[in-house]
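The values are calculated or read from the model by the stated rules, or taken from the named source; none is laboratory data. Fair warning: this is a prediction, and the values are worked out from it, not measured in the lab. When we count neighbours, we look across all protein chains shown, and the Cβ atoms used for this are built from the backbone with ideal geometry, even at glycine.
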Amino acid sequence: MDRAALADFLRRRREALRPQDVGLPEGARRRARGLRREEVAALAVMSTDYYTRLEQQRGPQPSSHMLASLARALRLTGAERDYLYRVAGHHAPASLSAPGHVAPALLRVLDRLDDTPALVLTDLGETLVQNRMAAALFGDAARHTGLARSSIHRWFTDPAERSVYPEADRDRQSRAQVANLRAAHGLRGPQSQAGELVRILQRASPEFAELWARHEVAQRFEDHKTLIHPEVGAIELDCQALFTEDQSQTLLVLTAPPRSEGYEKLRLLAELGLPRFTRAQR
């Protein structure tokens with residue numbers, strides 16, 4: 001671990017960012033150059049004291065998880081992320097297995113979306129980051145850990161996961177989940193995390209095993225879908241998907257036409273927020 005290089009890199013990347021670059025208001029009395037330390041800490045979901053100690057060359061060696069959070073908070077490119085890992089004394093992760101790293105281009109778009117649900121997913125259906133409206137619609141993604149971080153795994157192992165879709169759409173959604181995983185498996189290979197997920201689901205779900213044998217390959221996100229929310233009921237939304245060049249991450253944006261019933265329900269969700277949604281789930 002090169003403490004001096006790590007501290008200098010963090011400080012310079014923090015000072016190079018403006019609040020609007022990460023979806024924060026500029027503020028009338030801002031004197032700090034770039035972001036404040038407490039703002040980076042909040043974006044990285046760590047204490048301000050911990051982050052400050054890293055910049056002052058007196059913090060402990062960050063874990064890979066912490067580095068992934070810092071890379072996301074500082075909007076680092078792939079090369080910058082790799083450098084961060086190396087000066088912190090870790091091997092740089094492979095591009096397709098970097099835990100929690102979000103493509104900066106997708107983050108820049110997500111930062112500007114505040115009034116409609118938007119989230120960034122991996123090709124295994126893991127939510128890397130979501131805005132407040134996506135959390136109000138789907139719940140806080142951070143509540144899922146381990147294999148359950150993958151929506152594909154949850155779909156075939158947790159019956160509650162299917163309650164978000166009308167019963168008539170669930171067969172189609174099952175096929176879409178498997179087709180998406182088949183595309184990821186082809187990209188990553190059988191010895192990857194995608195291959196391990198396939199082997200686990202083949203043992204756990206006869207439905208998955210039958211669909212996997214069909215060899216359907218696609219990255220499917222329906223243009224129009226109906227989702228069921230436990231408080232506001234059925235919401236009809238349009239779904240747009242933006243992929244990274246290597247197809248490993250997707251930004252999903254869900255919208256509704258102005259003055260439509262779906263639009264009004266999204267406005268209601270914005271008022272309800274996450275706490276009521278979480279209680280309703282429980």
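The C-beta contact set for the stretch 1-24 (first residue assigned by TED's automatic domain parsing to the domain that holds ALA42, second residue among the charged types (D, E, K, R) and assigned to a helix (DSSP H, G or I), distance under 6 angstrom, 6+ apart or interchain) comprises ALA7/GLU55; LEU10/GLU55; ARG11/GLU55; VAL22/ASP111; GLY23/ASP111.
All told, ALA68 meets the bar of being in a helix (DSSP H, G or I) and not assigned by TED's automatic domain parsing to the domain that holds GLU245.
Every test in (1) in contact with a Phe, Trp or Tyr (Cβ under 7 Å, 6 or more places away or on another chain); (2) under 26 Å from LEU251 (Cα atoms); (3) modelled with pLDDT of 85 or more is passed by TYR85 save one, and that test is (1). Give me the pairs, please: first residue somewhere in the stretch 138-158 and in contact (Cβ under 8 Å) with a residue 40 or more places away in the chain, second residue anywhere and β-branched (Val, Ile, Thr) and crowded, with 17+ Cβ neighbours inside 10 Å, beta-carbon distance under 9 Å, and either six or more positions apart or on two chains. Final answer for the pair search is SER150/THR122; ILE152/VAL178; PHE156/VAL178. Among the residues of the stretch 200-217, those identified as in a loop (DSSP other than H, G, I, E, B) and at negative phi are SER205, ALA213, ARG214, GLU216, VAL217. The C-beta contact set for the stretch 229-252 (first residue in a loop (DSSP other than H, G, I, E, B), second residue of a type in the set (Val, Ile, Thr), distance under 8 angstrom, 6+ apart or interchain) comprises THR244/THR250; SER248/THR122. Given the criteria touching a residue at least 12 places away in the same chain (Cβ under 8 Å), surrounded by 18 or more Cβ atoms within 10 Å (Cβ to Cβ) and of a type outside the set (Lys, Arg), does LEU211 qualify? Yes: the conditions hold for LEU211. PRO117 fulfils the conditions (1) of a type outside the set (A, V, I, L, M, F, W, C); (2) at pLDDT below 90; (3) crowded, with 18+ Cβ neighbours inside 10 Å except for a single criterion, (2). Considering (1) within 22 Å of the chain's Cα centre (by Cα); (2) surrounded by 13 or more Cβ atoms within 10 Å (Cβ to Cβ); (3) at pLDDT 85 or above, the lone condition that LEU268 does not fulfil carries the number (1). Checking each residue of the stretch 152-170 against the condition of being in a strand (DSSP E or B), at pLDDT 85 or above and assigned by TED's automatic domain parsing to the domain that holds GLU207 gives no match.
Which of the residues belonging to the stretch 128-140 are under 8 Å from the mean Cα position of the chain (by Cα) and either crowded, with 21+ Cβ neighbours inside 10 Å or not in a strand (DSSP E or B) (or both)? So that I can check it myself, show each step before the final result.
Applying the first criterion (under 8 Å from the mean Cα position of the chain (by Cα)) to the stretch 128-140 yields 128-130.
LEU128, GLN130, listed by residue number.
Considered as a group, the residues in the stretch 1-17 that are surrounded by 13 or more Cβ atoms within 10 Å (Cβ to Cβ), closer than 18 Å to LEU76 by Cβ and among the basic types (Lys, Arg) include one that is farthest from the chain's Cα centre (by Cα), and that residue is ARG11.
Against the condition under 18 Å from GLN249 (Cβ atoms) and surrounded by 20 or more Cβ atoms within 10 Å (Cβ to Cβ), how does LEU35 come out, does it pass? So LEU35 fails the test.
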